[in-house]
1. Scan A:170, A:195, A:178 and give me the residue that is within 14 Å of chain B (Cβ to nearest Cβ) and under 25 Å from the mean Cα position of the chain (by Cα).
2. Within segment B:420-439, can you find the residues that are under 17 Å from residue B:16 (Cβ atoms) and either touching a strand residue (DSSP E or B) at 6+ places or on another chain (Cβ under 9 Å) or more than 11 Å from chain A (Cβ to nearest Cβ) (or both)?
3. Need the failing condition index for residue A:283 against (1) within 16 Å of the ligand (Cβ to nearest atom); (2) crowded, with 23+ Cβ neighbours inside 10 Å, just the number.
4. Would it be correct to say that residue A:328 is more than 14 Å from every other protein chain (Cβ to nearest Cβ), part of a helix (DSSP H, G or I), out of contact with any helix residue (DSSP H, G or I) (no Cβ under 7 Å at 6 or more places or on another chain) and more than 16 Å from the ligand (Cβ to nearest atom)?
5. Quick check on segment A:334-343. Is at least one of its residues away from chain B (no Cβ under 14 Å), within 10 Å of the ligand (Cβ to nearest atom) and over 20 Å from residue A:503 (Cβ atoms)?
6. How many of the residues in segment A:348-357 are over 23 Å from residue A:512 (Cβ atoms) and either touching a residue at least 60 places away in the same chain (Cβ under 8 Å) or more than 10 Å from the ligand (Cβ to nearest atom) (or both)?
7. Out of curiosity, is residue A:560 closer than 20 Å to residue A:323 by Cβ and either in the same structural domain as residue A:476 (by TED's automatic domain parsing) or surrounded by 14 or more Cβ atoms within 10 Å (Cβ to Cβ) (or both)?
Ligand SMILES: [Zn+2]
């Protein structure tokens, strides 16, 4: 019986369905036949939404010097349906373009494969990023070319021809970006790399809309509701960088004719004061119409000017690794202040000493004199201190501890909580790595991995990481993730390093002596106690890289710097003077040693480097 | 060989015919929607119509294959298919790329696919299997809880993919549950809830005098009182009580209005007070006369009052801002032509401009000017309305109606509960899609992005609906097989 009543429910369901469909038919009848307002809506007036582009946020340096601003630019757009009686010759002449360019461009716009959003009813970009000088001629005669419109835009303009890698550039958005972000439309611009990319959402602002009415033939009939519904564009937010423009400019100047990079950090805040990668280029060449041509030139340049060596190039730190090594080996109880090792100078085995000095050597003089045998022996006794154990287990445990403490200074991985675009990881070889390379857990010993002791071999760092290590040493064992945006939230990203405070003073003393008696005597600044360390990193591409790291002043440090000059030679000869000049500029506000500045500027280590 | 013959004989060709008609009409509309005057043929594979052609051919192939599979397998593997679909939904959440906030697309080479479209079919199979079990009754908790889980699992997973619209389709199963024995009152209460919600939200911005309550709340309470009076008259056949209640309400109203001259009166509280008083009155009657019919009324009133209070809260706190805006647009509360209402407004203009006969194939200007967004997917019905006018749109709705009626007929002629339940699932899903999608385009329903079955551009949805329908056709064909 119950089933019968349930079966009857099919009628209820059928009635519900039918009722909805009848309701919809009635609604259609109302909209399509009874009411006339919709027809008028379509026939007489339709909306044309005209995007109003917001000015992009300005970029300042830490002293509020304007670095990047906007200049007006113009696009020429066309609506294919509205073009008629076009005097092509006059049009091309007014825009100073070839007729063949015009024909190609029109074909490109109409090509559905290359321009999938094409419609002959909607505005299409004909030419973009024109300067005021480019459109000056055509502006007055625009009325002669129906279907063509001038659209306002802004382009980037740079106060200095510097910091191209830090600032990055702006380019047309990719189709992928358009698909993933509702903000963008075909032909929009967005940050491609550097700060412009990282802070795109902050800098871009909010688009506005101007609502125009037009008839079915596309003719503009004025503003909708007298502009009441228009939305004004909201300018992008300004950005203050941590860079010191003067320091940045000086560093770039000192690098002329050389390949390499500099990173300077304020240790107390992790703020990047300067970040240079040479060869570089004037950021303004990647703006506007000449962008793609210049970009191709940069791509094809064998010296790779597009690469930001400061964050992407990986080098063996060489002797500049020694201060950090000294800290970690002390912390692991392998050595202490009074530990001495013998040094036979160039006859030492298995690692030669590149300097001549007395023997045995203490930790202090080993840092000062950059004694390789000392650090090899110290490294060996530290990771071998408890013996090897069964299957090398104890040795491997100690080695892993060494890796862990070294990495706590920010080496071997990217800074993921900062705002630096495109970094390399660098490398601190792990226990697993060696197990794999030597195909067993017992296949490697301290002697096998000896190059780690002096910062050669598999140990790789970026200049940014190197500068950060100096910053962490200057802070007695912590660092704030190096960053470019000067704001308080960045200061909270504090990382504790795994070395106790008490081990730092002797390293400071050793690094200070580098300027007094050691390898950087020539780069001393009178009346300033600085800490530093040279590095001369062998590599397979010719002369060794010249490296210098350090911070100043010794007490209450204000700046930590890493300098790498590729294939130049000794660290003391090329990198140390650059360090010294940068410190002078930053701490004393100007350079007194003008002839030194001049000499360094004129040194050329690579004749392929082009000034751009 | 013999199997093929039997399929050809037993297949419900009428349904297949409606299906093909709808798919072809959809294809033509997609061509119209994406057509530019300077564009090539309908078979240009770089264009959407061309791509849809490939989807259609492959959908036909899938339909054909499904018919060749032994019908018993669908029953046997129902749970496997359901669990498989659930796993696929879970995987999708983790694997899928973020496309405009939705994480529902799986990319396999050049093809992207939405597993959520398959999950509807799988859930229908799962439900059919579970509810067709021997001795199943829609009464005990033991039966209801797993049932709820079967529906809820894909629902919540699709919500997690940020496809709220697609998830809402699972509400459609209520229709099937109704046919299978769910109390009809559930449907009624559901409708009543929506009515109250709309009134409260829409009228909560209309204030009575200054700060003295909102029209929404007062009307909401008024409706509850009216329901009480109606219940007393028509269900309990007790006109005396009804008149007392009516007089009481009027008395309170007049008293509040007069008191308002000297005192500050908040009408919200007065109306709520009236409902509470009426409840106490019903309880009194109940105890005094032992009618036992008013308990339900009291319970209903209390729930409604609570709902009215929470509706505002639900709206503000639970719904996302864009969902709030969509509902407000639907209720004509937000009137920005270029804001959220823009789509619907343009869609109405496009349809409205079609008139009776339409502007003719490929002659729609509104769709051509790209005023209507998503015109070949969710707003495809617009193109029909503009280019083929009232007669064309009505024809499409008519074919859908024929198809739905046919499915109901197929459902009722099944001998096995499994097939019948599955058929009702299919009908419910198709109907829900039709109702929401066309309702949205016509401005009657909120903007919920779900496709029009067989019409909208896109492989996932076409395949999904084809599979849904052809499994039903295969099950139906088996009905005759067994008779012979
Ligand atoms: Zn030595």
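1. So the residue among A:170, A:195, A:178 that is within 14 Å of chain B (Cβ to nearest Cβ) and under 25 Å from the mean Cα position of the chain (by Cα) is A:178.
2. Answer for segment B:420-439, where residues must be under 17 Å from residue B:16 (Cβ atoms) and either touching a strand residue (DSSP E or B) at 6+ places or on another chain (Cβ under 9 Å) or more than 11 Å from chain A (Cβ to nearest Cβ) (or both): just B:426.
3. With respect to (1) within 16 Å of the ligand (Cβ to nearest atom); (2) crowded, with 23+ Cβ neighbours inside 10 Å, residue A:283 is out only on (1).
4. Criteria not met by residue A:328.
5. Within segment A:334-343, one or more residues are away from chain B (no Cβ under 14 Å), within 10 Å of the ligand (Cβ to nearest atom) and over 20 Å from residue A:503 (Cβ atoms).
6. The total comes to 3.
7. Answer is yes for this residue.
Matching residues to (1) touching a strand residue (DSSP E or B) at 6+ places or on another chain (Cβ under 8 Å); (2) more than 9 Å from chain B (Cβ to nearest Cβ); (3) modelled with pLDDT under 85:
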{"position": "A:29", "(1), (2), (3)": "no, no, no"}
{"position": "A:45", "(1), (2), (3)": "yes, yes, yes"}
{"position": "A:60", "(1), (2), (3)": "yes, yes, no"}
{"position": "A:65", "(1), (2), (3)": "no, yes, no"}
{"position": "A:98", "(1), (2), (3)": "no, yes, no"}
{"position": "A:130", "(1), (2), (3)": "yes, yes, yes"}
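The values are calculated or read from the model by the stated rules, or taken from the named source; none is laboratory data. These numbers were taken from a predicted model, which means no experiment stands behind them. So basically every Cβ, Gly included, is an ideal-geometry build from the backbone, and we count neighbours across all protein chains shown.
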